[in-house]
Amino acid sequence: MILYSLATLEPKTAVNIEMVIIMKLGIALSGGVDSAVAAARLIRQGNDVIGYHMIVIPGSSLDNPAVQEAKGVAEHLGIELVIVDLREEFESILEYFVCSYMSGETPNPCVVCNDSIKFGLLLEKMSSFGVEKIATGHYARLAAHDNELFIARALDNSKDQSYFLSRIRKSKLGRILFPLGDTTKEEVRQEASRLSLPVHSKKDSQEICFIPHGDYRSFLKSRGVKDEPGPIEDEMGNLLGRHTGLFGYTIGQRKGIGISSEGRYYVKRLDTDKNRLVLSQRERLVSYSLTGRDLNWFIDPAEAFDCECKIRSSMRSVSARVFLIGDDRVRVDFPEGVWAVTPGQLAVFYVDDLVAGSAFIEGNSVLESEDDT
């Protein structure tokens with residue numbers, strides 16, 4: 001095993017390896033079953049594969065359980081494992097996460113990390129060592145259209161992760177591989193079992209990597225975000241209760257709000273200016289338009305185009321029409337409406353199965369003229 005800090009590592013001396021291997025590849029080994037099977041497939045194809053495991057969580061040990069699992073997979077497959085310490089560089093993701101909550105938005109750290117860390121810093125470092133491409137265990141595909149590469153939805157729609165990959169810059173796609181894109185999760189599990197991989201029965205993680213047990217409130221407090229209790233009101237300004245701090249809520253939330261009422265109320269707005277939580281009935285959270293910023297395109301967009309759009313990773317894509325607003329903003333219209341548009345989350349645009357682009361949501365037009373005063 002090799003251990004290094006990103007800031008101090010020097011590239012290995014280049015050697016001529018074209019005659020003995022198909023390709024020199026780096027696989028991001030998380031310690032889970034997906035990346036383990038992806039690595040096994042690349043090895044089976046005859047490639048020279050090196051495993052890379054990132055440590056990003058502040059305060060985590062250089063020999064934590066995830067490292068041990070990645071080490072076990074690498075030893076089982078007979079490949080080298082390089083441990084990459086990115087805890088210092090990962091601070092930018094943590095700062096983004098905290099600032100988003102403080103501004104009343106709901107962040108999506110995984111999509112930001114994929115672009116800047118995993119397919120950013122890690123990819124750059126692999127390249128400096130002569131690695132030709134980075135592979136991961138993501139469920140997504142790369143598809144060619146008009147002689148250009150696109151991220152495309154995975155065959156297993158229930159596991160498709162193209163949403164989380166939509167911030168990767170188009171220029172990087174030629175250096176990326178997704179070996180599991182045409183495979184179902186069940187097939188991956190079966191393959192892992194046949195190969196006797198030590199993580200073949202490991203459960204999938206549903207948590208943000210740096211938020212143990214999903215307790216993001218405690219994490220935010222540890223980063224200096226203070227609880228500031230305030231009023232819970234309906235859209236007419238009627239007092240319904242008191243909240244314990246706006247960062248503890250998100251758009252569309254119903255459970256855990258802490259009020260007693262006859263009707264079902266959902267969080268509609270986090271009013272950071274007045275430190276109040278605004279609730280409404282479910283039907284009042286339907287939007288027919290939103291605006292987005294910080295665009296990332298895989299196509300050369302027209303001033304307006306039709307597509308399918310997802311505003312959450314777990315939803316099915318719906319019909320939409322996208323309009324360009326200047327150089328770095330869009331308006332997205334939904335003929336049939338969408339529910340619980342959440343500022344800070346990502347809107348991803350699909351043309352057929354191809355990712356056309358994405359934008360961070362900044363606002364919506366959910367009956368704004370009748371909103372609270």
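The values are calculated or read from the model by the stated rules, or taken from the named source; none is laboratory data. Remember, predicted model here, so these are calculated numbers, not experimental data. Neighbour counts run over all protein chains shown; Cβ positions are idealised from the backbone, glycine included.
Of L173, L165, which residue is at pLDDT 95 or above and in contact with a His (Cβ under 7 Å, 6 or more places away or on another chain)? Show your work before the answer.
Details: L173 fails: in contact with a His (Cβ under 7 Å, 6 or more places away or on another chain).
Sole residue among the options that is at pLDDT 95 or above and in contact with a His (Cβ under 7 Å, 6 or more places away or on another chain): L165.
Is it the case, given these coordinates, that G51 is surrounded by 20 or more Cβ atoms within 10 Å (Cβ to Cβ), farther than 30 Å from R223 by Cα and of a type outside the set (V, I, T)? Talk me through it step by step, then tell me what you get.
Working: surrounded by 20 or more Cβ atoms within 10 Å (Cβ to Cβ): yes; farther than 30 Å from R223 by Cα: yes; of a type outside the set (V, I, T): yes.
The answer is yes for G51.
Would you check if P231 is farther than 30 Å from I93 by Cα and either under 21 Å from the mean Cα position of the chain (by Cα) or in the same structural domain as G31 (by TED's automatic domain parsing) (or both)?
It is false that P231 is farther than 30 Å from I93 by Cα and either under 21 Å from the mean Cα position of the chain (by Cα) or in the same structural domain as G31 (by TED's automatic domain parsing) (or both).
With respect to D294, is the statement that it is assigned by TED's automatic domain parsing to the domain that holds A347 and at positive phi true? Walk me through it before giving the result.
Working: assigned by TED's automatic domain parsing to the domain that holds A347: yes; at positive phi: yes.
Judged against the criteria, D294 is a match.
Within segment 255-270, how many residues are in contact with a helix residue (DSSP H, G or I) (Cβ under 8 Å, 6 or more places away or on another chain) and surrounded by 14 or more Cβ atoms within 10 Å (Cβ to Cβ)?
Number of matching residues: 3.
Among the residues of segment 267-300, count how many are under 30 Å from L173 (Cα atoms), of a type outside the set (F, W, Y) and part of a loop (DSSP other than H, G, I, E, B).
We begin by selecting, within segment 267-300, every residue under 30 Å from L173 (Cα atoms); these are 290-300.
Imposing the further condition that a residue be of a type outside the set (F, W, Y) reduces the set to 290-296, 299-300.
Among the residues that remain, those that are also part of a loop (DSSP other than H, G, I, E, B) are: 299-300.
Number satisfying all stated conditions: 2.
Among residues belonging to segment 101-111 that are under 15 Å from the mean Cα position of the chain (by Cα) and part of a helix (DSSP H, G or I), point out the one that is farthest from C209 (Cα to Cα).
Just the residues of segment 101-111 that are under 15 Å from the mean Cα position of the chain (by Cα), to begin with: 106-111.
When the remaining residues are screened for being part of a helix (DSSP H, G or I), the result is 109-111.
Details: P109: 10, C110: 9, V111: 13 Å.
Looking at the filtered set, the residue picked out is V111.
Restricting to segment 203-247, name every residue that is among the small types (G, A, S) and within 16 Å of D273 (Cα to Cα). If you could, list the steps in order and put the result at the bottom.
Initially, segment 203-247 is screened for residues among the small types (G, A, S), giving 205, 214, 218, 222, 224, 230, 237, 241, 245.
Passing the criteria: G230, G237, G245.
Scan segment 77-88 and give yes if some residue there is modelled with pLDDT of 95 or more, acidic (D, E) and over 18 Å from G120 (Cα atoms), otherwise no.
yes
Output the qualifying pairs, or none if there are none: Cβ atoms under 6 angstrom, residues six or more apart or on different chains, first residue in segment 317-345 and of a type in the set (D, E), second residue assigned to a strand (DSSP E or B).
Listed pairs, sorted by first residue: D328/L295; D333/S289; D333/R321.
Output the strands (runs of 3 or more DSSP E) that fall wholly within segment 113-195 and possess 2 or more residues being within 23 Å of D294 (Cβ to Cβ) and touching a Lys or Arg at 6+ places or on another chain (Cβ under 9 Å), or say none.
Values: elements: 133-135, 141-145, 148-152.
It comes to 148-152.
Of the residues L279, L346, L290, L324, which single one is modelled with pLDDT of 95 or more, surrounded by 16 or more Cβ atoms within 10 Å (Cβ to Cβ) and closer than 30 Å to N147 by Cβ?
On the way: L279 fails: closer than 30 Å to N147 by Cβ; L290 fails: closer than 30 Å to N147 by Cβ; L324 fails: surrounded by 16 or more Cβ atoms within 10 Å (Cβ to Cβ).
Matching residue, one of L279, L346, L290, L324: L346.
To keep it simple, each residue is scored yes or no on (1) within 29 Å of R254 (Cβ to Cβ); (2) acidic (D, E).
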| site | (1), (2) |
| --- | --- |
| N275 | yes, no |
| R284 | yes, no |
| Y288 | yes, no |
| I299 | no, no |
| K310 | yes, no |
| S314 | yes, no |
| I325 | no, no |
| R329 | no, no |
| D333 | yes, yes |
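Could you go through segment 86-108 and let me know if any residue there is crowded, with 20+ Cβ neighbours inside 10 Å, touching a residue at least 40 places away in the same chain (Cβ under 8 Å) and within 19 Å of V131 (Cα to Cα).
yes
Only one of R264, R312, R242, R316 is assigned to a loop (DSSP other than H, G, I, E, B) and either aliphatic (A, V, I, L, M) or over 27 Å from V348 (Cβ atoms) (or both). Can you tell me which? Before you say what the answer is, go through the steps one by one.
Working: R312 fails: either aliphatic (A, V, I, L, M) or over 27 Å from V348 (Cβ atoms) (or both); R242 fails: assigned to a loop (DSSP other than H, G, I, E, B); R316 fails: either aliphatic (A, V, I, L, M) or over 27 Å from V348 (Cβ atoms) (or both).
The match here is R264.
Looking at segment 124-155, which of the residues that are hydrophobic (A, V, I, L, M, F, W, C), more than 18 Å from G181 (Cβ to Cβ) and modelled with pLDDT of 90 or more is farthest from the chain's Cα centre (by Cα)?
Restricting attention to segment 124-155, the residues satisfying the condition of being hydrophobic (A, V, I, L, M, F, W, C) are 126, 129, 131, 134-135, 140, 142-144, 149-152, 154-155.
Filter once more, keeping what is more than 18 Å from G181 (Cβ to Cβ): 126, 129, 131.
Within this subset, residues satisfying the condition of being modelled with pLDDT of 90 or more are 126, 131.
Details: M126: 21, V131: 24 Å.
Filtering segment 124-155 for residues that are hydrophobic (A, V, I, L, M, F, W, C), more than 18 Å from G181 (Cβ to Cβ) and modelled with pLDDT of 90 or more, the one farthest from the chain's Cα centre (by Cα) comes out as V131.
Go through segment 299-321 and report how many residues are acidic (D, E), touching a Phe, Trp or Tyr at 6+ places or on another chain (Cβ under 9 Å), at pLDDT below 95 and under 22 Å from A144 (Cβ atoms).
The qualifying residues number 0.
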